[in-house]
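Below: the structure, in structure tokens.
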Amino acid sequence: MSLPRFALRLRALTTRSPIWLTAFGLAFLGLSNFCAFAANTRPNDDPWLDVINTRYTAASHKFEKLAKASPDDTRLTLAYAASLLTRDPMTRANVRTSRSILIDLLSKLPVSETHYRPLVLLLLGRIDHDHIEPVQFESSRAFYEQLLREYPQHPLADQAAVQLHLLIYLQSPESRSGEVVSQIEATLPTVSNKSHRLRLLGLATRIYLDRLKDKSAALSHLIAAQEEGSDDKSLDLHIAYLARQLGRLELAAKHYRAFYESSPRDNRAYTARRLAQELEEASKMSTAVAKPTQP
Amino acid sequence: MISEKLRNRIGLVALALALLASFGTVATRNVQSLTNDKIEIRVAHSELHTGMREAFEAAIVAYEALHPEVRIVQVSVPSRIYPAWSRTQLVSGTAPDIMPLAGTDIEIVQFFQPITTLTSAPNPYNEGTPLEGVAWRDTFFDGLSGLSDSMRWTAPNEIFGVILQTTSMRLYINRDLLLEITGTDALPRSYAELHALAEKVRAYNQSHGAHLIPIASCKAYAEYIFDRIVGSQMQRFLVDYSFHMKSWGFYRPMYDGKYSYSKTPEFVSSLELMSEVAQMLSPGFQQFAPEDAIATYLQQRSLMLVAGSWDYAVLVDQVSFETEVTPLPMPTTDDPKYGKFTLGQAAEDVRTTAALGIVRTSPNTEIAIDFLKFLTSHPVATQFSEMSQRISTIIDVPVPDALKKMAPQIEGEIPGFRVDNFLGNNNVRNLIQRHIHKVIGPSPDISGFAETIDAELAPNIREDLKYYHRYDRLNTQRFDATIALHYIFPEEHEQAARTNWQLHTEAQHGSQSRYIEYQHYLEPPGE
């Protein structure tokens, strides 16, 4: 049928019945919407793009296909195992599958492999620590310690160190708090990442305060955190508060003042400045009483 | 017959035009993206009130004049649909480069880029202004501490965006009525004077057969009144018992009964003050919306109103009577009844609006950051404030004349906190809401309220802790995948620069530390 004849037929049809007109209209609109949809939709087979866009479940399904298609690709296999830990719905079966893939990888990767193997160890530690109930304390600890032992300089070793101490803290009764904090203090010099060192110092501070009720030790850890270069400005308030409770008025005044000077626009700055002034005066008075002028 | 043909033809023509327009839109969009060599940045916001879009547009025009290679597109989305819209955009990877910082703190970490390190350097667009050489973060009235505080658990000390504007609440007083009732136009400067004024209104009602309400109010605005006045009773308490002077972390001593509603003097005083304040407000204020409170004031059925700086134009410019505006007074330290626990007039807890951050998927992060610096520079913020008639968050930016009385007072003692809403999640809040009528109702029974809450608080705290524990444990688990996938992200991938596994470890430690703390409380580890 030639185009003019088709046009004439169409015209006749639509003139005869409004229903046909409506149907054609809807068809046109559908076609235009489809075109718009097609223009906007690019098929996404890239699981890494899903990772960046936090579509972990979609990424996990794609990693699964890719990993099964390329079983020797360590990155894809590891990505599949890791993504199973956040794939919805989160199930025990997913965790079990992830763990068995990681165990298999661990047996295949030589110790000389320094990129993926440390991550495999870390993930195995994390699974036994936080994804399985009850916590598999001994095996989780063993994985973390293996990572620390085999790759002490690796960037993931710092994460393993923090996780190891969080695990120990999680499982330790209050009576063993002294041991926990001693272990943290022994580990600190080996941790190179600043934020991880600060996290361990924070953990030690909390144990001293909440469990051991040792404000002096907590205070010295807070000061250490500040010397480490923490940019948490409220550390000054915490130091000042503990120093005030310990009667170290000058130290308290110094840190209230430091807070006021570093955060002049914080709504606690005015109170911090007033407290600093009051403590400085109290400190001077106590010094004057302690050292009476000689006759 | 003719008219039917005509109708059909009109229909056909309309359909053809619609079809052409659809094709045209799609085609030009694609052609534009292919042929336009300008870098395009999209800025989304949901601030649609008068002047805001114009202020954004003026800033965009000025920026494009400085940077001809950049094209900035403003995407304004009504606030009602913004949550659904933003989620769709973020999850589908089609989000604009700059968006309002919204969502949970976990979502903010996932979707937005931290800009913490950048905020320590001066904003280059402040050269030649009073803020030249000042660290970018210190050019904001609060040093951006409000934003970093809100992320303290998930990404401590990280800053994910900037804020453009502040709002404040004020006490509006009908001056004509004030003169008639008191014979003077002296404004209340302390809570005691405010309370005395409310008593005069009651006396006036009795002597004149009137039905004036001292302070017109509604549920939302009453919250601010209670925050400001009742919070005063916990100011000293915060200095004495909270190292960071915030009301965070009190669930333990409350659970243990160290502090209680019936025995801790500051709590008792707070409840008494709350009850007293509630008697000054519109009866049944909890059922009212802001429009109801404003209508009551405009119809001169109340002497006073506590409302927002955004209500100023309606309340002052469009009424037949004269209105005075003043900050809401708090109890002073020499107040015979409520002075004992207060530190005096507090710094205003400044509320901010228009917080903007840079989306992780933005392909032009550097330009997006540069535009935020431009937007928050002293000269642009000044113009923005004038056009939008809002108070800028940038220090030293002049407050528009009409808003001088609205500028937040940031010099003052810590604000304190309210004892009826500082603790827990749904269980504790529901418990308090079920019984709060005994405090703010017309026939108060404060000791009855306190005893009931004390008796039922511990199990409700426990239920809330279980919820927090589940939430933080789940997040901790999910972070394992995030950390691992960012760690092994292919370096050759075009999105590789947007990975940061270290940042996710810090966020994981935050939620992990919290859930361990809850777990120790719920199930202490055995020997």
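The values are calculated or read from the model by the stated rules, or taken from the named source; none is laboratory data. In this text, all values refer to a predicted model and were calculated from it rather than measured experimentally. All Cβ positions, even for glycine, are placed from backbone atoms using ideal geometry, and neighbour counts span all protein chains on display. Just the protein is used for accessible areas: all its heavy atoms, side chains included, with ligands, DNA and RNA removed. Shrake-Rupley method; radii C 1.70, N 1.55, O 1.52, S 1.80 Å.
Here are some notes:
- Neighbour-limited loop hits for GluC sites (Glu not before Pro), the range B:53-130 (at most 14 other Cβ within 10 Å; DSSP other than H, G, I, E, B): B:Glu69, B:Glu127
- Gain upon complete extension [A:Lys68, A:Lys194; 0.36 nm per residue less C-alpha separation]: 41.5 nm
- Cross-link pairs beyond the 32 Å C-alpha cut-off, checked among A:Lys233/B:Lys337; A:Lys233/A:Lys284; A:Lys68/B:Lys466: A:Lys233/B:Lys337; A:Lys68/B:Lys466
- A DSSP coil position with no more than 12 other Cβ atoms inside 10 Å describes the following trypsin sites (Lys or Arg not before Pro) in the range A:207-295: A:Lys213.
- The protein assembly as shown, accessible surface, carbon-and-sulfur percent (1.4 angstrom probe): 55 percent
- Total formal charge among the other residues, if their Cβ is under 14 angstrom from that of B:Glu463, Lys/Arg +1 and Asp/Glu -1: +2
- Helical content alone sets the calculated 222 nm signal of chain B at -14500 deg cm²/dmol, taking -39,500 (n - 2.57) per DSSP H segment of four or more residues and averaging over every residue.
- Straight-distance crosslink candidates among lysines, where the alpha carbon sits under 23 Å from B:Lys405 and sequence neighbours closer than 8 are dropped: none
- Relative to the longest principal axis of the Cα atoms of chain B, the long axis of helix B:52-66 makes an angle of roughly 40 degrees.
- The C-alpha atoms of chain B define a longest principal axis, and helix B:82-92 lies at about 40 degrees to it.
- Delta accessible area of at least 30 Å² on complex formation, residues of the range A:257-271, 1.4 Å probe, chain isolated as reference: A:Arg265, A:Asp266, A:Asn267, A:Arg268, A:Tyr270, A:Thr271
- For the residue pairs A:Lys194/B:Lys373; B:Lys340/B:Lys438; A:Lys213/B:Lys219; A:Lys215/B:Lys438, the C-alpha atoms sit more than 32 angstrom apart in A:Lys213/B:Lys219; A:Lys215/B:Lys438.
- The range B:424-527, dipole about Cα centre (Lys/Arg Cβ +1, Asp/Glu Cβ -1), debye to the nearest 20: 340 debye
- Within-13-Å neighbourhood charge of B:Asp334 [Cβ basis; K, R +1; D, E -1]: +1
- Cα-based reach from A:Lys65 at 30 Å (exclusive), listing lysines while leaving out same-chain residues under 8 positions away: A:Lys108
- Per residue solvent-accessible surface (Å²) - the protein assembly as shown, probe of 1.4 Å: 45 Å²
- Summed over both chains, the accessible area lost when B and A associate is about 7200 Å², using a 1.4 Å probe.
- For the range B:400-415, a decrease in accessible area of 10 Å² or greater in the assembled protein chains relative to the isolated chain, with a 1.4 Å probe, applies to B:Ile410, B:Glu411, B:Gly412, B:Glu413, B:Ile414, B:Pro415.
- Average partner coverage of A:120-128, which counts Cβ from other chains inside 10 Å: 2
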